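J.: Next up is a structure, given as C-alpha cells.
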Amino acid sequence: MCRIIFWNVQRKDLTQLVCDLALATGADVLVLNECAVPISITLQALTKTVDRLFFVPESSSENRFHCFCRHAALDLAEVHKGFRTSVRKLRLGSKYALLGLVHGVDMRNYDLETRQSVAQSLADEIRFVRSEHNNNHLILLGDFNMNPYDRGMNLAMGLNAMMTRTCVTAGNRTFLGKQYDFYYNPMWSLFGDRSEGPPGTVYDTSNQGPYGWNMLDQVVINHSIVDEFEDVRIMTYAGSNCLTDTKGRPDSSKASDHLPIMIKMKGTFCE
C-alpha cells in the first residue's frame, strides 16, 4: 500500500504538524502546496523526527510543490513541469504510473468560467504528457480550486471525472468525433454531513464560495487504474493535534484553511 498526502498549508510554517501527520499516517509521499518554509528545513525535520529515509525527489517545481518521498523505489522524479502543474513518475510494484500535481487558479480572483477554461487547458496538458510517455496510468492530485460538480471537472474536454467507479467502466466517451478518457473522482463520496468525516476540505462563505463547504482538494484517477485505488480520506488530525475548530471547520488560526487529504494506492498495477 502506498500512502500519499497532499496539503495546501496556506504559506504557513506548519512543519511540526506536517511531521506529526507523516508519523501518524505512515505516509510514503508528502506533497505540500503553498509552502513558504524552505524545502531543506522541512526535509531536515522529517528525517530527524519521522524517518531518516525521507528525501526530496528530482524536481524543478519546488516553488509550487514541495514533494517528499520515504522510499527511493517509488521514484517521484519529475518528468513534466507546467505553470501550475508537476508530473512525476510513480513506481508501484512492477508498473509505473504518472502522478500529476495540480494547483488551480483560486476562487476569489477567478470566476467559474475562467476556472473552467483553465481546467480544459490542464486536460490538454495531461493528454500531451500521457502521449509523450505512452502511459495512461494517471493520478491527478491537488488543489483544483473547483468542486467535483463544476463543469471543468466533468466536461469531456475538461477532466472528464465521474462520480462512481461504474461510470468509468466504458473507459472513454466520444465528443465531436474525439475520444476522451474517463477519470474516477472518489471525492464525491465524501461530500455532505452524511459522509464519514468533514463534508469538504475548505469552508468558504465569500461571494465565490456560496455553498459553505467546498471540495477543492481532490484526487482523480484514470479508468485504467481504478482497481488499484484503495481509499481517500480527509484528515482532521495531525497526530494528536486537531486541525478543525469547534464547528468542525478547518482551523486556520492554528493550521491551514485547507484540510489535508490522504490517498491509498495498492502496490501493483494490472496489465
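Each reported figure results from applying straightforward, stated rules to the coordinates on display, with no laboratory input. Quick caveat: nothing in here was measured; it's all calculated off a predicted structure. Glycine gets a Cβ as well: all are built from the backbone with ideal geometry, and neighbour counts include every protein chain shown.
J.: Give me a count of the residues in the range 152-170 that are out of contact with any strand residue (DSSP E or B) (no Cβ under 7 Å at 6 or more places or on another chain) and among the small types (Gly, Ala, Ser).
T.: Of the residues in the range 152-170, 3 are out of contact with any strand residue (DSSP E or B) (no Cβ under 7 Å at 6 or more places or on another chain) and among the small types (Gly, Ala, Ser).
J.: Pick out the one residue from MET262, MET215 that is surrounded by 15 or more Cβ atoms within 10 Å (Cβ to Cβ) and touching a Lys or Arg at 6+ places or on another chain (Cβ under 7 Å).
T.: Just a single option satisfies the conditions, and that option is MET262.
J.: Taking the range 41-58 on its own, how many of its residues are within 14 Å of VAL18 (Cα to Cα) and either touching a Leu at 6+ places or on another chain (Cβ under 7 Å) or not in a loop (DSSP other than H, G, I, E, B) (or both)?
T.: Selection size over the range 41-58: 11.
J.: Please tell me if ASN109 is assigned to a loop (DSSP other than H, G, I, E, B), of a type outside the set (Gly, Ala, Ser) and either free of Cβ contacts under 8 Å to residues at least 24 places away in the same chain or surrounded by 22 or more Cβ atoms within 10 Å (Cβ to Cβ) (or both). Break it down into steps so the answer makes sense when it comes.
T.: Values: assigned to a loop (DSSP other than H, G, I, E, B): yes; of a type outside the set (Gly, Ala, Ser): yes; either free of Cβ contacts under 8 Å to residues at least 24 places away in the same chain or surrounded by 22 or more Cβ atoms within 10 Å (Cβ to Cβ) (or both): yes.
It is true that ASN109 is assigned to a loop (DSSP other than H, G, I, E, B), of a type outside the set (Gly, Ala, Ser) and either free of Cβ contacts under 8 Å to residues at least 24 places away in the same chain or surrounded by 22 or more Cβ atoms within 10 Å (Cβ to Cβ) (or both).
J.: Can you tell me how many residues in the range 59-75 are surrounded by fewer than 16 Cβ atoms within 10 Å (Cβ to Cβ) and assigned to a loop (DSSP other than H, G, I, E, B)? Before the answer, list the steps.
T.: Filtering the range 59-75 down to residues surrounded by fewer than 16 Cβ atoms within 10 Å (Cβ to Cβ) leaves 60, 62-63, 71-73.
After this cut, where a residue has to be assigned to a loop (DSSP other than H, G, I, E, B) as well, the list is 60, 62-63, 71.
Summing the residues that are surrounded by fewer than 16 Cβ atoms within 10 Å (Cβ to Cβ) and assigned to a loop (DSSP other than H, G, I, E, B) in the range 59-75 gives 4.
J.: Something else about it: Please work out if VAL87 is part of a strand (DSSP E or B), in contact (Cβ under 8 Å) with a residue 60 or more places away in the chain and surrounded by 16 or more Cβ atoms within 10 Å (Cβ to Cβ).
T.: no
J.: If you go through the range 143-186 one residue at a time, how many are free of Cβ contacts under 8 Å to residues at least 60 places away in the same chain, assigned to a strand (DSSP E or B) and farther than 19 Å from PHE128 by Cβ?
T.: Matching residues across the range 143-186 total 4.
J.: Would you pick out the residues in the range 132-142 that are more than 16 Å from TRP188 (Cα to Cα) and either in a loop (DSSP other than H, G, I, E, B) or under 8 Å from the mean Cα position of the chain (by Cα) (or both)?
T.: ASN134, ASN135, ASN136, HIS137
J.: So, one more: Limited to the range 177-204, what total is found for residues that are more than 23 Å from ALA156 (Cα to Cα), polar (S, T, N, Q) and either surrounded by 20 or more Cβ atoms within 10 Å (Cβ to Cβ) or under 14 Å from the mean Cα position of the chain (by Cα) (or both)?
T.: 1
J.: Go over the candidates VAL50, VAL56 one by one and state the one that is in contact with a helix residue (DSSP H, G or I) (Cβ under 8 Å, 6 or more places away or on another chain), farther than 18 Å from LYS254 by Cβ, in contact (Cβ under 8 Å) with a residue 24 or more places away in the chain and surrounded by 15 or more Cβ atoms within 10 Å (Cβ to Cβ).
T.: On the way: VAL56 fails: in contact (Cβ under 8 Å) with a residue 24 or more places away in the chain.
When all the criteria are applied, what remains is VAL50.
J.: Also, quick follow-up: Please go through the range 62-83 and pick out each residue that is out of contact with any strand residue (DSSP E or B) (no Cβ under 9 Å at 6 or more places or on another chain) and aromatic (Phe, Trp, Tyr).
T.: Of everything in the range 62-83, just one residue is out of contact with any strand residue (DSSP E or B) (no Cβ under 9 Å at 6 or more places or on another chain) and aromatic (Phe, Trp, Tyr), namely PHE83.
J.: Would you say ALA36 is crowded, with 21+ Cβ neighbours inside 10 Å, touching a residue at least 12 places away in the same chain (Cβ under 8 Å) and of a type in the set (Gly, Ala, Ser)? It would help to see each step written out before you state the result.
T.: Details: crowded, with 21+ Cβ neighbours inside 10 Å: no; touching a residue at least 12 places away in the same chain (Cβ under 8 Å): yes; of a type in the set (Gly, Ala, Ser): yes.
It is false that ALA36 is crowded, with 21+ Cβ neighbours inside 10 Å, touching a residue at least 12 places away in the same chain (Cβ under 8 Å) and of a type in the set (Gly, Ala, Ser).
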